[in-house]
Each structure stands twice: as C-alpha cells, then as structure tokens.
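Only one structure is covered here, and it is reproduced in the block below.
Each value in this text was obtained by applying a stated rule to the coordinates, not by laboratory testing. What you see is a predicted model, and the numbers here were worked out from it, not measured in a lab. Here the Cβ positions follow ideal geometry from the backbone for every residue, glycine too, while neighbour counts run over all protein chains shown.
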Amino acid sequence: MTLAETAALLGLNLGLALATMAGLWALSARWKGIGFLDAVWPLIMVGMAAVTMAVADGDPVRKGLLLWLVAIWATPQALRRLSPMARAEADSRYAAVGGTAAARRGWSVKHTRLLLFFLPQGALAWLASLPVQLGQVDFLPAVGWVGWTGAVLAVAGIGLEGFGSLRLSALRKRPATEPASSPIAGRWLMRPDHLGDLAVWWGLFLIAAETGAGRWSVVGPIFLTLAMAHWARTDSPKRKTPAA
C-alpha cells in the first residue's frame, strides 16, 4: 500500500472506533453504569484488525497471525470484563473519576461520559492496536524468525494474562491480612495479567516489525507499557476486609 492508502486506512479505523464509541454512548445515555466499556475496548481492537485485513494487501500469513492472535487475546478479556463483579468495579471507578471531573469542569454526566470515557477510549484503542493495523500493510517480507518469535511471545502472553486474571480474582476473594502497599516491582508481580498483556502486544509488534510500515507501530506497545507502569504504581488488587 502507498503512504496515502495507509494513512487513509488508519483514518478509517480511527473513524470507525470513534463512531462505535459514540454509538454506544448514545445507547447508554439512560443507563446508570457504563462498566461494560472495559469489555468493548479489546473488541474494538479486534474490529480494527479485521477491517485492516479486509482492506490491506499485506502478506496473508502475517495478516492471519495478527488477526487471530489479537482475537484470541481479546475474547476472554471481554467475557471476564462483562461479569457482574467486573462491571460493578468498573462502574465504581468511572463514577468516581467522572464525578470529580464533572464537578471541576461543570460538565453534565452525559457529556462527561462522552468526552472523558467513550471517545478517549476509542482513540487509545486505535493507538494501542497500531501493530495489528500497520503490520498488515506490506506484502514483503514474508514472516521470518523475528515474526515467529513474536508469535510465541504473544501466545505466552495470552496464557500469562489468563493466569493473572484468575489469580487476581482469587486475591479479591481472600481477606486482607497485610497492607496493599509494596514496591513497584512487587506490584508488577502481583499483576501477571498486566505482564501478559505487555507480552502479547510486544509480540504482535515483533510480527509487524519485520515490515517497513510495521516498525512505526512501536508507538502502540510503548504507550501500553507506560500506561501499565502507571497502573502498577497506583493500583493494587482490592481484597475483602474481614468482618469485625
């Protein structure tokens, strides 16, 4: 694909992501919570990979690897985040952040949801998923050892993310017996789901990086790494407090 065609494809995906989020925002205008939004984020990334596969004329093997790996990663994530507990936690988080922002800026709840949550998440999903977009653009070269190494890393990351999510669920059910504060390295180890996500997206980048266009997609995994480093500093699993 030419540079202009690639730019048009990226613009198409960004427009579709934002339109999807705007549509969901319109549907949710009368709903009390928006906890489902956490499940939509990975699915939008799969959608952009699928649109790219239909439009781009890159190497079929690389296109297939990128689409199926991101789909295998995203599907269980979406299902877990649609559980009642996950939605309740997300609703609480969105309500706290949205309430503060609305009070500070004088926005209505409706506009806060659109401008602070729905549209930004669509744009960030587009940014994070650059490897599965730009990695499908070039037909040459064929997938080599770097790409297959990335595929192995992504598969390992999917397994680690699944294990980490199960571990996090178990931690939340256990009574809290010690303070949640710990060094950042310890918090990374407490959240293997975050480490798994990073392995997936750096693996997808390696698949994409064998192509000229794909190398530019490094912005996506860098963004995720910085974001998850921030979460590792500020977040910790919430566990049940024993009744007095």
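Entry note: the stretch 55-150 has Rg to Rh equal to 1.15, where both radii use alpha-carbon atoms and Rh is the Kirkwood radius.
Taking a virtual spin label 7 Å from the Cα of Ala156 along the C-beta vector, which residues in the stretch 207-223 bring their backbone nitrogen under 19 Å of it? So the set is 207-210, 221-222. Packing-based ranking of 82-93, 43-54, 11-22, 131-142 yields 131-142, 43-54, 11-22, 82-93, ordered from highest to lowest mean Cβ neighbour count within 10 Å. Based only on Cα atoms, what Rg/Rh ratio does the stretch 1-124 have, Rh being taken as Kirkwood's radius? Using only Cα positions, Rg/Rh for the stretch 1-124 is 1.05.
How would you rank 115-123, 98-106, highest first, on the average number of other Cβ atoms within 10 Å across their residues? The partial results should precede the final answer.
Details: 115-123: 17.4, 98-106: 12.1.
So the order, starting with the most tightly packed, is 115-123, 98-106.
Considering only Leu16, Leu69, Val51, and ranking their Cα positions along the charge dipole of the stretch 1-142 that arises from unit charges at the beta-carbon of Lys, Arg, Asp and Glu, the one farthest toward the positive end is Leu16.
In the stretch 57-170, Cα pairs under 8 Å separated by at least six residues give a relative contact order of 54 percent.
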